[in-house]
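Participant: Provided herewith is a single structure, encoded as structure tokens, for subsequent inquiry.
The values are calculated or read from the model by the stated rules, or taken from the named source; none is laboratory data. Not measured: the values here are computed from a predicted model. Counting neighbours? That spans all protein chains shown, and the Cβs are built from the backbone with ideal geometry, glycine included. What goes into the accessible areas is simple: the full protein's heavy atoms, side chains included, and nothing from ligands, DNA or RNA. Shrake-Rupley method; radii C 1.70, N 1.55, O 1.52, S 1.80 Å.
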Amino acid sequence: MSEFILSSQNGGVLKLTMNRPDKYNAFVREMALALQDELARAQSDKSIRAVILTGEGRAFCAGQDLAEATDPNGPELTKIVTEHYNPIIEAIRSLEKPVVAAVNGVAAGAGANIALACDLVVASEAASFIQAFSKIGLIPDSGGTYTLPRLVGLQRASALMMLGDKVSAQDALAMGMVYKVAAPDEYMSLAEQIATQLSQMPTLALARTKALLNASYQNDLSAQLALEDKYQTECGQSYDYQEGTAAFLQKRKPEFKGE
Ligand code: T3D
């Protein structure tokens, strides 16, 4: 438990809120480790079937706290990447439940790339995205060099990462970086609505869909078809497949258990 990550559960949806608003929710070690703990809990707790990640106050997250990064008594840069951001990105991408980023304000540096690692991004019109790294002499980390070109294409990713331009929510939508944009007083209810919907769906099928999308980055078609075959067989043996097909044939609403 840490004051830097607020956690609340509503039904099957766990909401995690990055909470250092005075510092635009910039990451210090305690916050990074607390987020890792909460993501691990989201994986192991069967009652959690979707996650929302958001930020307290005006910003989503300004990335690494640069005071901590430059503190001679703070964690070394390599430790920050290896022990803080890489495990967060791995945890989001391997979490067998959907993660919705509800981006309330500016998302910069690692903050931007953590948002983009989520399964769906819902952004407030007040949100923006900045690959801030080049402005301080760093390379984009937190999986940004992997994720961003796949979302927006190589040319745009190069420009955004080299120039460090601020991308508005509307431009991010047009580029395919985010799924939906809504007014500042509406984006959270939209994110909650999507997360609630996801939490009531067949969780195993969503988990395997996510694994397939992850694998599609590396696999050729044959390998991908073989993986689809494997996971379809698994899902076809699930309770939720029985329920989904029975509900369809009986013309009623399915009640999925996530099993
Ligand atoms: O060791 C390593 O660093 C490796 C890890 C790398 C991962 C990374 O994430 S590197 C990238 C780090 N992030 C940045 O470079 C972004 C720095 N922040 C900004 O460029 C701007 O703050 C924003 C564009 C995000 C927002 O600008 P603006 O004008 O709306 O707000 P502001 O006034 O700059 O910031 C508001 C407060 O948040 C301010 O605090 P103060 O002065 O009122 O007490 C500011 O210092 C603080 N803040 C914002 N970002 C950070 C930060 N404090 C520490 N670290 C930050 N990254």
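Participant: When ligands, DNA and RNA are left out and all protein chains stay put, how many square angstrom of accessible area per residue does the chain have with a 1.4 Å probe?
Facilitator: Here the residues of the chain average 51 Å² of exposed surface.
Participant: Give the distance, in whole Å, between the Cα centre of segment 17-68 and the Cα centre of segment 205-233.
Facilitator: With segment 17-68 and segment 205-233 each reduced to a Cα centre, they are spaced 29 Å.
Participant: While we're on this one: Per residue of segment 225-235, what does 6.51 cos²θ - 1.76 cosθ + 1.60 with θ = phi - 60° give for ³J(HN,Hα)? Whole Hz please, x for Gly and Pro, Karplus curve as stated.
Facilitator: Rounded to whole hertz, the list is 4, 5, 5, 4, 4, 4, 6, 5, 4, 5, 5.
Participant: Eight or more residues apart or on different chains, and alpha-carbon atoms under 17 Å: count the Lys pairs in the chain matching that.
Facilitator: 8
Participant: Roughly what % antiparallel, to the nearest 5, for the DSSP beta bridges in the chain?
Facilitator: Taking every DSSP beta bridge with both residues in the chain, the antiparallel ones total about 30 percent.
Participant: Less than 13 Å Cβ to Cβ from I88, Lys/Arg counted +1 and Asp/Glu -1: what total charge do the surrounding residues give?
Facilitator: -3
Participant: Sticking with this structure for a sec: Which shape class, rounded, prolate or oblate, goes with segment 25-72 when its Cα gyration tensor gives a ≥ b ≥ c as root eigenvalues, a/c under 1.5 marks rounded, and past that a/b bigger than b/c marks prolate?
Facilitator: oblate
Participant: Subtract the Cα-Cα distance of A223 and T209 from 0.36 nm times their separation in residues, and report this length gain in nm to one decimal.
Facilitator: Once the chain is fully extended between A223 and T209, it gains 3.5 nm.
Participant: Could you give the length gained by full extension between I139 and S216, i.e. 0.36 nm per residue of separation minus their alpha carbon distance, to one decimal place?
Facilitator: 25.2 nm
Participant: While we're looking at this one, here's another question. Compute the signed sum of charges (Lys and Arg +1, Asp and Glu -1) over the other residues within less than 14 Å, Cβ to Cβ, of E56.
Facilitator: On the way: positive: K15, R20, K23, R58; negative: E3, D22.
Charge balance near E56 sits at +2.
Participant: Can you classify segment 125-259 as rounded, prolate or oblate using the Cα gyration tensor, where a ≥ b ≥ c are the square roots of its eigenvalues, rounded means a/c under 1.5, and otherwise it's prolate if a/b beats b/c and oblate if not? Provide the component values of the computation, followed by the final result.
Facilitator: Values: a/c = 3.39, a/b = 1.61, b/c = 2.10.
Because a/c hits 1.5 or more and a/b fails to exceed b/c, segment 125-259 counts as oblate.
Participant: For a Förster distance of 22 Å, can you work out the FRET efficiency between the beta-carbons of S47 and Q197, rounded to the nearest 0.05?
Facilitator: According to the calculation, E is roughly 0.85.
Participant: Taking the chain, how much of its Cα-Cα pair set, in percent, is spaced more than 31 angstrom apart?
Facilitator: Within the chain, distances greater than 31 Å cover 25 percent of Cα pairs.
Participant: Taking amide H positions as placed in the peptide plane 1.01 Å from N, state which residues far from V13 in sequence (5 or more) or on other chains have amide H under 5 Å from it.
Facilitator: So V13 has HN proximity to R49.
Participant: Lys and Arg at +1, Asp and Glu at -1: add these up for the other residues within a Cβ distance under 13 Å of A126 and post the number.
Facilitator: -1
Participant: In whole percent, and with a 1.4 Å probe on the protein chains, what portion of the accessible area of the chain is carbon and sulfur?
Facilitator: It is 54 percent, rounded to a whole number.
Participant: Ranked highest first by average number of other Cβ atoms within 10 Å, how do 42-53, 65-76 line up?
Facilitator: Descending mean neighbour count gives 42-53, 65-76.
Participant: With labels modelled as points extended 7 Å from the Cα through the Cβ direction, what inter-label distance (nm, one decimal) is found for K79 paired with A247?
Facilitator: 4.9
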